[in-house]
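Quick notes on the structure that follows.
All of the numbers you see were taken from the coordinates with simple rules; none came from a lab. Bear in mind that the values here come from a model prediction, so they are computed numbers and not experimental data. Backbone-built Cβ (ideal geometry, glycine too); neighbour counts: all protein chains shown.
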Amino acid sequence: MDNAQGLTWRKQASGIWSAKLGSPPELNPLSVTGMKPKLTALERMNTAELPFSLEEIETERTSGGWMLRIPLTQHEQVYGFGLQFMKMNHRGRTRYLRVNSDPKQDTGESHAPVPFYVTDRGYGLLINTARIVTVHCGSTVRRGERSEGEARDRNSDSHWKATPDSGKIEILLPMEGAEIVLFAGETMLDVVRRYNLFSGGGTLPPRWGLGFWHRVPTGYDSSDVIREALEFRERGIPCDVIGLEPGWHSKSYPVTFDWSPERFPNPAEFMKTMEKMGFRVNLWEHPYVSPEAEGYEDVAGLSGNYSVWGGAAPDYSLPEVQDWYSGLHERKHADIGIAGYKLDECDGSELTGHSWMFPAHARFPSGYDGEQMRQLYGLLLQQLTSGLFRRRNRRTYGLVRASNAGAAPLPYVLYSDLYDHRQFVRALCNSSFSGLLWTPEVRSAANAEDWVRRMQTVCFSPLAMLNAWGDGTKPWSYPEAEPIVRRYIKLRMRLIPYLYSVFAQYDAEGTPPFLAMPLIPDRGPARRKNTEGRGGTVPDTAEGAYGRSGGDLWDDQYMIGGSLLVAPMFAGETSRKVYLPEGVWYGLETGERWTGGQAIHIQASLDRIPVFVRDGAVLPLMPALPAVPRAGERVPLDIYHFGESPGRFLLYEDDGETFDYEQGDCAWRTLEVRKRDDGTFAGSVSGHPDPKASGYESFRWHFAQTRLTMDD
């Protein structure tokens with residue numbers, strides 16, 4: 001359909017419409033990922049309409065590009081824009097969405113500044129472009145737009161605002177234009193699910209990727225790595241993945257992609273040893289190619305006209321470059337069993353005295369410029385490296401420092417060189433709005449208390465990792481804290497059946513495995529009173545969370561799946577407030593019973609991170625093994641039912657390593673708890689999967705639990 005502004009809207013699926021403004025180039029985030037929408041899953045969702053008519057969307061050609069204007073109601077809240085560290089609700093802010101490795105100010109720049117937002121009116125909007133986009137989230141007021149924007153005297157009027165209320169979201173698009181995609185939903189979670197399914201569905205990592213990761217110091221050689229891996233086993237601390245940092249290269253900054261003959265003289269034998277010990281190996285690298293790399297002469301001619309660290313910046317959008325890169329990585333890495341990559345330095349920085357990256361005016365052989373390449377470099381590398389393993393029918397899971405729209409199906413988790421614990425938790429929350437995953441990795445700590453609090457948080461994140469590349473810290477670096485750290489790494493291992501099933505729902509239904517609180521449906525008495533909105537658990541409070549005036553609400557707690565609520569503690573705290581959605585909740589380790597629909601105040605000693613479980617929840621747990629079972633290995637499953645209400649959980653099973661599940665070699669099994677007439681409980685497991693897809697040899701039920709201990 002055409003609207004008054006000349007946009008031609010096409011319905012892509014139920015609740016999804018797209019249009020093109022201007023003449024955008026073919027290179028964009030969705031073209032890079034190349035994923036097809038999951039149309040069957042989209043059609044199963046409830047029908048939904050936009051909260052405004054398409055004719056209300058305004059467009060205008062300006063001297064700086066195209067301006068898109070979307071209606072904004074007075075109390076509407078705006079979330080998303082990818083990996084954001086400073087704010088969760090962006091209402092009243094301007095977002096400049098450029099990839100940047102040092103997002104230290106509240107501008108919108110980030111490792112993954114996704115041009116997608118969702119509001120609590122029940123819609124989301126994606127700008128599918130490789131260009132930088134600027135979004136004014138109700139931060140601009142046109143003359144005559146609204147009475148709330150009238151001039152006020154700051155000296156005498158207590159209602160004066162730095163940012164008056166606006167009736168529009170304004171989006172500045174590049175001069176060439178861009179594709180616009182709109183998503184509707186009965187709730188914000190429905191909108192996010194539609195966006196993820198339109199991107200191709202969420203990623204399903206290999207089961208080992210959900211175990212514990214440890215990255216060794218950069219100067220380690222093969223003997224050092226093996227010795228450190230053995231210490232994990234000797235100390236009884238589970239670990240699945242050992243990450244090698246820049247020192248594994250023969251040359252790094254720029255890189256050769258080849259092994260150091262001094263530190264790793266026999267990579268194939270090293271990999272066999274690590275395999276026998278039950279470890280996977282992940283390799284650090286970045287995209288800039290050393291003149292000493294194999295094939296440099298060929299790839300240099302297919303690179304941008306600016307160097308980075310004296311190396312070439314290849315045009316990874318070209319098939320010839322992709323073939324060169326894939327061939328080198330298959331021979332040097334995948335053929336000997338490397339499990340994945342940490343893709344560093346694909347974002348760029350402009351810090352004073354510390355700037356690096358090709359400039360926006362750089363030219364690449366494909367005809368694209370430095371701005372477009374910088375926005376998409378992370379996506380290009382994710383797609384390229386994940387394809388290495390897909391061709392071998394092996395799943396991978398890795399780390400990346402830059403991403404963009406459409407990344408939900410890619411098996412990568414974002415990380416950062418920044419190191420603020422509170423910001424890391426806020427980033428974990430914000431990533432759930434935009435199809436991203438984030439790890440609040442642990443690198444070091446100010447003291448033992450800080451160490452424990454960071455380790456507790458990372459054990460309840462999409463990728464549980466300690467990164468010792470710089471200072472050599474270990475889980476046992478603070479002896480007084482080692483028992484606490486060991487317990488939470490073991491708890492992480494026990495929770496893998498639950499986590500794996502939650503990720504499978506991400507793949508199948510687009511539901512984020514980790515969710516910010518505004519995405520949780522809540523009809524409790526404390527929900528925000530926005531009659532124009534469509535959901536959100538955030539209570540209406542003038543003070544903000546914990547009395548911080550103007551602060552974001554509940555941006556330091558989150559859900560894992562539908563049953564677990566995590567409220568991290570930070571160094572220096574002995575208590576905090578937590579908002580519990582409606583219903584009854586139990587402290588996972590304390591057994592304390594709480595009534596939801598309100599904020600509660602809790603005390604937590606250093607040996608506890610506050611985690612809450614819903615009444616009626618059914619949690620599948622496995623033993624705290626040294627490493628995740630391999631394909632074909634079967635373990636007993638303990639099924640814990642909490643509280644007094646009946647409950648059910650969808651348990652997902654496949655081989656945990658290959659893509660055979662896409663051909664049907666998998667099963668969803670319903671774990672159901674019902675209450676008998678005499679008040680006792682009974683449990684059942686439905687479905688009988690193919691034995692090769694089943695990872696569980698037996699089921700043991702634990703009914704009406706109120707707490708979980710590692711002794712169970």
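Here are the numbers for the structure shown:
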item: Partners for residue 36 among aspartates and glutamates (Cα-Cα distance below 20 Å; same-chain residues under 8 apart left out); result: 26, 179, 190, 507, 509, 660, 662
item: Highest to lowest packing among 360-372, 672-684, scored as the average C-beta count within 10 Å; result: 360-372, 672-684
item: Order by protection proxy (mean Cβ within 10 Å, highest first), peptides 406-414, 55-63; result: 406-414, 55-63
item: Peptides 479-488, 100-109 ordered by average Cβ neighbours within 10 Å, highest first; result: 100-109, 479-488
item: Antiparallel DSSP beta bridges within the stretch 175-301, percent to nearest 5; result: 10 percent
item: Nearest-20 debye value, the stretch 558-614 charge dipole, Cβ charges on Lys, Arg, Asp, Glu; result: 100 debye
item: Anisotropy class of the stretch 613-669 from Cα gyration tensor, a/c 1.5 cut; result: oblate
item: Fraction of beta bridges assigned by DSSP in the stretch 618-705 that are antiparallel (%, nearest 5); result: 70 percent
item: The stretch 618-705 shape via C-alpha gyration tensor axes, a/c threshold 1.5; result: prolate
item: Distant alpha-carbon pairs in the chain (separation over 41 angstrom), percent; result: 28 percent
item: Dipole of the chain, positive end: most advanced residue of 253, 569, 322 [Cβ charges, Cα centre]; result: 569
item: Overall form of the stretch 302-373 per C-alpha gyration tensor (a/c, 1.5; a/b vs b/c); result: oblate
item: Leading residue at positive end of dipole, the stretch 10-198 (Cβ point charges), from 132, 33, 86; result: 33
item: Theoretical ellipticity at 222 nm over the chain - DSSP helices of four or more residues, -39500 (n - 2.57) apiece, nearest 500; result: -5500 deg cm²/dmol
item: For the chain, share of DSSP beta bridges that run antiparallel, in % to the nearest 5; result: 75 percent
item: Pairwise FRET efficiency - residue 630 versus residue 40, Cβ, R0 = 30 Å, nearest 0.05; result: 0.45
item: Spread of Cα-to-Cα distances over 5 Å intervals beginning at zero, given as percent, for the stretch 403-525; result: 2, 10, 19, 21, 19, 14, 9, 4, 1, 0
item: Reach of residue 490 by Cα under 18 Å, taken over aspartates and glutamates that are not fewer than 8 positions away in the same chain; result: 231, 234, 240, 441, 480, 482, 589, 607, 638, 711, 712
item: Lysines whose Cα lies under 22 Å from that of residue 38, excluding same-chain neighbours fewer than 8 positions away; result: 11, 20
